[in-house]
Each structure stands twice: as C-alpha cells, then as structure tokens.
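Undergrad: My questions will all concern the structure given below.
The values are calculated or read from the model by the stated rules, or taken from the named source; none is laboratory data. Keep in mind that what you see is a predicted model, and the values were worked out from it rather than measured. Virtual Cβ from ideal backbone geometry, glycine too; neighbours counted across all protein chains shown. The accessibility values were calculated without ligands, DNA or RNA, using every heavy atom of the protein model including side chains. Shrake-Rupley method; radii C 1.70, N 1.55, O 1.52, S 1.80 Å.
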Amino acid sequence: MLIKGVPASPGIVVGKAFVLKPETLTIPKYKIPQKEIADEIKRYMDALSLTRGELIGIQKKVEKELGESYPDIFSAHLLILDDPALREKTINIIEKENINAENAVAQVLEKIGMTFSKIEDKYLRERAQDFKDVGRRILKNLLGKQEETLANLADKVIIVAHDLAPSETAQMDKKNVLGFATDVGGRTSHTAIMARSLTIPAVVGLGDITQRIESGERIVIDGHEGVAVINPPKTTLERYLNKKKQLAVLEKKLNKLRKAPAQTTDGHIISLMANIELPKEVELLDRYGAEGVGLYRTEFFFLNRSDIPSEEEQFQAYKYAAERAYPLPIVIRTLDLGGDKFASVLETPKEINPFLGWRAIRFCLARPDIFKTQLRAILRASVYGKVSVMYPLISTLQELRQANKFLEEVKVELKKEKREFSQKIKIGAMIETPSAAITADLIAQEVDFFSIGTNDLIQYAMAVDRINEKIAYLYQPASPAVLRFIKHIVDSGHRKGIKTAVCGEIAGDINLTLILLGLGVDELSMGPVAIPEVKQIIRSVSIEEARKITEKAMSFDSTEKVVNYLKSVKEPLKLLYKSN
Ligand code: PEP
Ligand code: MG
C-alpha cells in the first residue's frame, strides 16, 4: 500500500514500524475513608512531584539536543502543574467527596475541558490541550503506569505516529530510529523540522497511516518523494533499495565536491546557501558545503508556544546562529506570520483571504512593538557574525521605507543605550509579490540585495493558492509568466548593481538549476541537503550553454514545452552521474 504525504526530510529507509498509539486510560473510582484522606492527598502531591521531575527532565533534554532557542513549551506545562485551578480543585474534590485522586483529577480535567471548549479563541483552546497533556501525565503517575516512550527502543525502527510532540522526540533513543511517518503535519511542523535537524528521513501528512499499519510490519519511507509504502511487494522493495544504493553512491561522489565552488566549466560562480528554521541547523552548513544561510525563517520561533519570545531570547538564538556560521554569512528574515503560519498567542482575526491578508511585513509594520523587538535582537546579534536582515512580502517601496525607518529608530535607541551593533548591516527585500517584481527597479535603489521568494511569487503571479489541491495544476514554477518575472527582477537588480538570490523551493530543484543559472540568478538558497546535487549540475555546464538553453526555453508558449525542453536538452539525472 503506497500512501502519499509531504516530503519532510530526505533519505530512503526500509524497516520495521513502531506504531505509537495513544493509550486510553481507565480511571478507577472508589471511596476513601475519612482517616485516609490525608494519605490520598499526599499520594496526589507525590504524583505532582513525579510529574514535575519528568517535565524538568524532558525540558533539559530538549534544550540540550535542540538548543535553547527551541520553543519552550515545558515551562508552560510546569506552570499548569502549579495552577491552583488544577491542584486546589483536585484536593477539594478528594476532601469533599471522599474519593480517590485519579477520579478527582479526571473530574477537574473534564470541567476545564468543558469550559475551554465553549471558548472561540484559538489560543485558549490550545491551552486546553496543555492542561490535557499535563493531566494525562499526572494520571499515569497516579496509576503507576509507565509513559509510553521512545527512550528504550530495542530494535532499529521507523516511528509511525499521529504526530510527534517535542517531548516524545526528545526522549527518543536516536540510534534506533531510522525514520518518521506521521498522519498530520506539513514542512514546518515540529516533526518535519526536527527530522531535518536530526537528518532522519521523514514523511508527514500521511492521513491515517497509524490506522493502516501495525507495529512490526515493514514500511518504506521515501523522504525525497514524500511517500510511505506499507508491506511493499518484493519488486517495489527492490526498486527502493536500488534507489537507496544509487543515492548513497551519488552522495559519496558529491561529497567530494563539498569544498569546491559552484562554478560552471567556464568559470562563472554562483553562491549556494542554506534555508534554515532553527538556529541549530547552522551545523548542517559544513556538512553539505553551504556557503552561508540565505534564509533563516524566524517565525518558527513564534509558533507552537504560549507567549511572545522576548528580545533577549531572540538575541540569544540569532547570536548563536551568527557565531556558529561565522565566517559564513547569514540572512535573518523578519517575522513572516500569517498566510498559513499563525502564532496562536497573537490572536489575529480570521480572514477570508489569509494569503492576501495581514501577513509578513504588513503585520510587522502594524505591530512595531513586535517588529522593533525583533530588529533590536537582530541588530544586537549582528556583531557576532556576518548578519543581514531581510523583509518578507514587500509590496511597495513605501513599505520598505517604513520598515527601514523602524530599523533606523532601533539603531538610534541602541546607540543611546550604548549597545553594540553593526552599523553597516545589509538590508534585503524579498521579492514575492507581482507589484514588487514589476517595480523592482525602484526597490533596488534602497536595498543591498534581493531574494526572490518563488513559493509566494508563483502563487501571486498565477493567482493560485499554494495549498489548494484542486488548482495545484496551475502552480507552475516553469511557466512563461514566472520565468519572465524572475528575469525582470534579476535584470532590474543588476542594472542597479545589486545581487539577486532565489530562496523558494525551486532553488533546490535540479530540473530548474540550468534555467535559474541562465537567467542570471546570483545565489540559490535551499534546504541544505539539496546543495550537493545543485552544485554538481552547475559544475557540469558552461554559463554560455545555460544562457542559450534559457533563451530557447523562454521562447516557448507553454509550461509543458518549457519543462519537456529542460528535461531533454541536458537531462538533470545524467548530469548528476556525469564524472567531472
Ligand atoms: C517563498 O515564498 O518562496 C519563501 C522562501 O518564503 P516562505 O516559503 O517562507 O513563504
Ligand atoms: Mg514567502
């Protein structure tokens, strides 16, 4: 059975499944004689202490393995543990009803659940989930049950779960984990991001895979294509094993190019950079031969947590990334919330067209409190490495000016406070709206570089929602429209003397490497694992050839013709295996 999902972390693995299914807890109910009430309360308090110890343990482990900047959800859980709403009410019920602690906890949780369910607010509803998680831990400790954990896996397995919480992955015995497959999630869900940081193959968003497989059954995960195959027949299995072998050979070959530049046969060089979501991912730069970070998506910091990260917390994360990357440069993108990324704590109103709505720089300009805090943190971190700042979703020159005005204000503040920052920090604009693309000549005069966010530019250029399956056929990176947009942006930048990067998913697509090269793009920024293959393609052609191919491709009147031509003229797969 083949199930299609979202490719979250590349690599192919075959192995036995370990299916993590939430266990249903049976809550006993019995009377406690009056003289034993004090003991029952003590038993409850002991369970709280045990839970506290567990939570602190996991919090420390997460911090150690994923860095301090990983969203700290465990502090919130610890606060809940001490919340009178939970503790005192439970004790009250034990005393008044003379019943056992498990039953009292369950009653309180049910009441809290009911209260929360009536609330519309998304943030508060998510807090209810936190209460449930903590409550479940307390109940397990009262019942003397072991938390089902990934800490002591006896064999090497592929973890299949509905979703994986950071607490679960933190406890995971990593040497025995071959891969992840989950029911839910997208490329920026916890599981996906963690899998990439840990470089474990993963496919997420597989629907109901946990219902279709039992522990012990064989499963194949293809993290490149985003598929999982349950109990594959022999021929399918052989095909995947073959592909895995080929990829390993290719990886070995390409690894030799790690330190080599992305240079064409006639000496034209472009930069290959990494896209990251967590500061810790900076460690992957060396491994894949990235020349720096071309896009650090900072919004991940703001998701999956119940408060807004402070300036200090952000500063520590950016400083860590800048220091670890040094002497390589990093581009920190300011907050790009909205669209499909919402921070529950910010309580932004529901919109009919979120991708056309209050997102990215538009949100930041309306919330200087949040924006300036982030700019302060980025500026303060700028003395620890080669840091640039980049604004997402610029639509007009005026927006860029407003953003820069805030940046200048923050510089003045920091100067007054005698805090250090790099005066000459470079500023970039993401070009991802048609209005910015078409006025790129104006915007280019007031920034140091462009970075084309093709994920968004394609959706706005084609007027096609990037996450709507029904119209996915219109999401065409190689359409004549998109190619003309890119050409116009690159040329406008060059005329004003600034460089243009591409940092959307197409930067890592080897089928489009030649055309991006031929269009004159100066830098490609992608998920770090894609870098070796893109580099090999670049090193196997001349810039002259790439320009000719691009010119021809630009003359076609349909995406299909462009795609077919690009595939046939210099087959990317052949270029990958070519020896040079
Ligand atoms: C893009 O739009 O291409 C981009 C890189 O930004 P994001 O995917 O985070 O919107
Ligand atoms: Mg974007």
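Undergrad: For residue 418 and residue 326, what is the calculated FRET efficiency with R₀ set at 35 Å and r taken between the beta-carbons, to the nearest 0.05? Walk me through the numbers before you get to the answer.
TA: On the way: r = 24 Å, r/R0 = 0.68.
For residue 418 and residue 326, the calculated efficiency is 0.90.
Undergrad: Taking 31 Å as the cut-off for C-alpha to C-alpha distance, list the pairs among 175/256; 253/319; 386/552; 64/245; 61/156; 111/350 that go past it. Let's see the in-between values first.
TA: Details: 175/256 26 Å; 253/319 34 Å; 386/552 39 Å; 64/245 33 Å; 61/156 21 Å; 111/350 28 Å.
In this structure, 253/319; 386/552; 64/245 lie more than 31 Å apart at Cα.
Undergrad: Could I have the simple spin-label model distance between residue 215 and residue 27, label points 7 Å from Cα toward Cβ, reported in nm to one decimal?
TA: 2.6 nm
Undergrad: Here is a follow-up. Per residue, how much accessible surface does the chain expose to a 1.4 Å probe? Answer in Å², no decimals. Mind dumping the intermediate values first?
TA: Working: 26200 Å² over 580 residues.
About 45 Å² of surface per residue is accessible.
Undergrad: For residue 564 paired with residue 466, estimate the spin-label separation in nm (one decimal), with each label point 7 Å from Cα along the Cα-to-Cβ line.
TA: The two pseudo-label positions are separated by 2.9 nm.
Undergrad: Report relative contact order for region 266-577 in percent, whole number only (criteria: Cα-Cα under 8 Å, sequence separation at least 6). Intermediate results must be reported in sequence, preceding the final value.
TA: Details: 590 pairs, mean separation 53.6, N = 312.
Reported as a whole number, the value is 17 percent.
Undergrad: Given Cα pairs under 8 Å that are at least 6 residues apart, what percent is the relative contact order of region 450-579? Please list the in-between numbers first.
TA: Details: 169 pairs, mean separation 32.1, N = 130.
Across region 450-579, relative contact order equals 25 percent.
Undergrad: OK, next. Relative to the Cα centre, what is the charge dipole magnitude of the chain, using +1 at the beta carbon of each Lys and Arg, -1 at the beta carbon of each Asp and Glu, and rounding to the nearest 20 debye? Before the final figure, lay out the partial values.
TA: Values: 84 positive and 78 negative charges, 275 e Å.
Rounded to the nearest 20 debye, it is 1320 debye.
Undergrad: Next up: According to a simple spin-label model (label point 7 Å from Cα along Cα-to-Cβ), what is the distance in nm between residue 155 and residue 78?
TA: It works out to 3.9 nm between the two label points.
Undergrad: When ranked by the protection proxy of mean other Cβ atoms within 10 Å per residue, highest first, what sequence do the peptides 131-140, 372-381, 559-568 form? If you can, show how the numbers build up before the last one.
TA: Values: 131-140: 19.7, 372-381: 23.5, 559-568: 15.7.
Per-residue mean Cβ counts within 10 Å order the peptides as 372-381, 131-140, 559-568.
Undergrad: While we're looking at this one, here's another question. Carbon and sulfur atoms: what percent of the 1.4 Å accessible area of the chain do they account for?
TA: On the way: 14010 of 26200 Å².
C and S fraction of accessible area: 53 percent.
Undergrad: Mind pulling the angle between the C-alpha long axis of helix 101-117 and the longest principal axis of the chain? Nearest 10 degrees, somewhere in 0 to 90.
TA: 50 degrees
Undergrad: List the aspartates and glutamates whose Cα lies under 13 Å from the Cα of residue 243, skipping any in the same chain that are fewer than 8 positions away.
TA: 222, 225, 251
Undergrad: Report for region 266-577 the percent antiparallel among DSSP-assigned beta bridges with both residues inside it, nearest 5. Can you show the working numbers first?
TA: Details: 1 of 30 bridges.
Within region 266-577, antiparallel bridges account for around 5 percent of the total.
Undergrad: What percent do you get for the relative contact order of the chain when only Cα pairs under 8 Å and 6+ apart count?
TA: On the way: 1092 pairs, mean separation 79.0, N = 580.
Relative contact order, the chain: 14 percent.
Undergrad: So what's the back-of-envelope 222 nm ellipticity for the chain, counting only DSSP H runs of four-plus at -39500 (n - 2.57) apiece and dividing by all residues, rounded to 500? Working shown, then result.
TA: Details: 23 runs with 271 residues, N = 580.
Rounded to the nearest 500, the figure is -14500 deg cm²/dmol.
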